[in-house]
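The structure appears right after this line, and notes come after that.
The values are calculated or read from the model by the stated rules, or taken from the named source; none is laboratory data. All values reported here derive from a predicted model rather than from experimental measurement. Reconstructed Cβ throughout: ideal geometry from the backbone, glycine too, with neighbour counts over all protein chains shown.
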Amino acid sequence: MDLISPGIPQGPDVVDLRFRDRPLDSKRDHAISEEFYECRRVNVSNFMEPNSAEKLYHELSTQTEWSTYFTSDGRKYQAPADAQRNYSTDQQRELVGLAYQSARNGGTAYLYDEGHPTYSEETTPTPISLFNKLVNGPRFREKLRFSSRGDAIVRVDARAFRLRARHFVSLRARPILESHPDRCVAWYSYNLTPVWKAEWGGALEFRGKHAGDIAGYAPAFNCLTIAGCPQAHWFNAVSEAAYGNVYMIMGGIYA
């Protein structure tokens, strides 16, 4: 369900973003580090100021064009946004069917959307580009040092990610969106899904400590998940009963 709070400005001129104002040496930061050391993953609620999170959600839900990426017969394919506008219902179903057949055959399989702004970033700073600037700033990179066992973080990616009905990402060790696998020490998923039920799927899941155990995080607005890399994980399929899409910003963390 795509919801926008009353009073949130609309359009690409919305550019002011803020993290939640917390001291760097807070008890919360220590607890986050301890949980990451124990599990190699951690989920952080209320990551940004609510108004900033709303602006990012609005950017993803109304100001972004989405290309679909999927696998078929072990190969990777892209269906650009402009091409999909001309797809028939049968062609859309065929695309989904190819991805699911790839999953049945084993190996890496996926079906997801990656987004790009509908207007020029050269003339108008986008909320996504400003988010990228924030997470690459010294304050956030310093807070992320626990994910690299103390090594300095040199860069953080930020890319728009969407899961629609029947979308999924199968078991994999490395993040689906990363630009330099050799230097990736961790990755993050910042969830911007405003209204969601766990039974609708789309959860980020990991193997648990014991055989048959699964640990994971259902989509939740303004929540940041950080996971060590490599680490087995997947996004389970979004149900056709879901009322809306799963929106995220995600990327690699590099030391």
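When residues of region 50-65 are filtered for being in contact with a Phe, Trp or Tyr (Cβ under 7 Å, 6 or more places away or on another chain) and charged (D, E, K, R), how many remain?
0
Yes or no, residue by residue, for (1) in a strand (DSSP E or B); (2) of a type outside the set (Gly, Ala, Ser); (3) in contact with a strand residue (DSSP E or B) (Cβ under 8 Å, 6 or more places away or on another chain); (4) crowded, with 21+ Cβ neighbours inside 10 Å:
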| position | (1), (2), (3), (4) |
| --- | --- |
| Tyr188 | yes, yes, yes, yes |
| Trp196 | no, yes, yes, yes |
| Phe221 | no, yes, yes, no |
| Pro230 | no, yes, no, no |
| Trp234 | yes, yes, yes, no |
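May I ask you to verify whether Val238 is out of contact with any Ser or Thr (no Cβ under 8 Å at 6 or more places or on another chain) and in a strand (DSSP E or B)?
Answer is no for this residue.
Taking Pro117 and the conditions (1) loosely packed, with under 15 Cβ neighbours inside 10 Å; (2) closer than 19 Å to Tyr190 by Cα, which numbered condition does it fall short on, given that it satisfies the others?
(1)
Considering region 155-181 alone, what residues qualify as being under 11 Å from Gly252 (Cα atoms) and surrounded by fewer than 23 Cβ atoms within 10 Å (Cβ to Cβ)?
Here is the first cut: in region 155-181, the ones under 11 Å from Gly252 (Cα atoms) are 155-159, 174-181.
Across region 155-181, the qualifying residues are Arg155, Val156, Asp157, Ala158, Arg159, Arg174, Ile176, Leu177, Glu178, Ser179, His180, Pro181.
State yes or no: is Ile214 more than 18 Å from Thr108 (Cα to Cα), in contact with a helix residue (DSSP H, G or I) (Cβ under 8 Å, 6 or more places away or on another chain) and either modelled with pLDDT under 95 or surrounded by 14 or more Cβ atoms within 10 Å (Cβ to Cβ) (or both)?
no
So, restricting to helices (runs of 4 or more DSSP H) that lie completely within region 1-100, which ones have at least 3 residues that are crowded, with 17+ Cβ neighbours inside 10 Å and at pLDDT 85 or above?
Helices (runs of 4 or more DSSP H) meeting the threshold: 50-62.
Across region 127-163, what is the total count of residues that are out of contact with any Ser or Thr (no Cβ under 9 Å at 6 or more places or on another chain) and assigned to a loop (DSSP other than H, G, I, E, B)?
Selection size over region 127-163: 7.
Using the structure shown, decide if Thr126 is surrounded by 12 or more Cβ atoms within 10 Å (Cβ to Cβ), in contact (Cβ under 8 Å) with a residue 40 or more places away in the chain, over 24 Å from Gly252 (Cβ atoms) and not small (Gly, Ala, Ser). Even if it seems obvious, please write down each step before you answer.
Numbers: surrounded by 12 or more Cβ atoms within 10 Å (Cβ to Cβ): yes; in contact (Cβ under 8 Å) with a residue 40 or more places away in the chain: yes; over 24 Å from Gly252 (Cβ atoms): no; not small (Gly, Ala, Ser): yes.
The answer is no for Thr126.
Conditions tested, residue by residue: (1) among the basic types (Lys, Arg); (2) under 16 Å from the mean Cα position of the chain (by Cα); (3) part of a loop (DSSP other than H, G, I, E, B); (4) closer than 19 Å to Val238 by Cβ.
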{"site": "Ser170", "(1), (2), (3), (4)": "no, yes, no, yes"}
{"site": "Pro175", "(1), (2), (3), (4)": "no, yes, yes, yes"}
{"site": "Thr193", "(1), (2), (3), (4)": "no, yes, yes, yes"}
{"site": "Gly202", "(1), (2), (3), (4)": "no, yes, yes, yes"}
{"site": "Phe206", "(1), (2), (3), (4)": "no, yes, no, yes"}
{"site": "His210", "(1), (2), (3), (4)": "no, no, yes, no"}
{"site": "Ala215", "(1), (2), (3), (4)": "no, no, no, no"}
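Can you tell me which residue within region 219-235, out of those that are of a type in the set (Gly, Ala, Ser) and in contact with a Ser or Thr (Cβ under 9 Å, 6 or more places away or on another chain), is nearest to His116 (Cα to Cα)?
It comes out as Ala220.
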